[in-house]
Amino acid sequence: GWITAKRHDFNVGDPLFIIQHPKADPLKFAVGSVTEVRSGQRRVRYTANTLGGSSGSPCFTSNWELVALHRAGGNSYNEGVPFSYILAQLTITIATP
């Protein structure tokens, strides 16, 4: 089977889980919570601690719904792109030849 991406409205404080293979190292599991929702649900920041090379890792809710892709980490934050935004962009691209 497979996991289907979900549209999800993030709220500050929501738990978030990230499964990552940083730099092709063994599987790592990061637990954190949403700290900020940016640009009308285009980006979400969280406390889940990711390592370099983890961009593209799946982000899950506490119900194991796939809701975002990890995209970046900084000194004071980690950030992902919500599937709500990704799915909306795919719909626009597919609908516009």
Query - Net charge of neighbours whose Cβ lies under 14 Å from the Cβ of VAL44, counting Lys and Arg as +1 and Asp and Glu as -1 - result: +2
Query - Accessible carbon and sulfur surface of the chain relative to its total accessible area, %, 1.4 Å - result: 53
Report task. Give the long-range amide H neighbours of SER54: residues separated by 5 or more places, or on another chain, with amide H under 5 Å away, using H modelled in the peptide plane at 1.01 Å from N. Result -> LYS23
Report task. Once you've got the GNM for the chain with C-alpha springs shorter than 10 Å, pick whichever of LEU51, LEU66, LEU27 has the biggest mean-square fluctuation. Result -> LEU27
Query raised in the report: How much area per residue is accessible in the chain when the probe is 1.4 Å and only protein heavy atoms are counted (Å²)?
Result: 61
**Report entry** Solvent-accessible area of LEU16 with every protein chain in place, 1.4 Å probe, in Å² to the nearest 10
**Finding:** 0
Report summary line: Comparing SER84, SER62, SER39 in a Gaussian network model of the chain (Cα, 10 Å), the one with the largest mean-square fluctuation is SER39
Query raised in the report: How many percent of DSSP beta bridges within the chain run antiparallel, rounded to 5?
Result: 95
Report summary line: With label points set 7 Å from each Cα along the Cα-to-Cβ direction at SER55 and LYS23, the distance between them in nm comes to 1.6
Query raised in the report: For the chain, modelled as a Gaussian network with Cα springs under 10 Å, which listed residue fluctuates most, ALA48, ALA68, ALA30?
Result: ALA30
Query raised in the report: Could you work out the helix-only [θ] at 222 nm for the chain, with each DSSP H run of four or more residues adding -39,500 (n - 2.57) and the total divided by the number of residues, to the nearest 500 deg cm²/dmol?
Result: -4000 deg cm²/dmol
Report summary line: Tilt, helix 83-95 to longest principal axis of the chain (alpha-carbon atoms), in degrees rounded to tens, equals 30
Query raised in the report: Across the chain, how large is the tail of the calculated P(r) beyond 16 Å, expressed as a percent of all Cα pairs?
Result: 52
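The values are calculated or read from the model by the stated rules, or taken from the named source; none is laboratory data. This structure is a prediction, so every number in the text was calculated from the model and none was measured. Note that each Cβ is placed from the backbone with ideal geometry, even for glycine, and that neighbours are counted across all protein chains shown. For accessibility, only protein heavy atoms count, side chains too; no ligands or nucleic acids. Shrake-Rupley method; radii C 1.70, N 1.55, O 1.52, S 1.80 Å.
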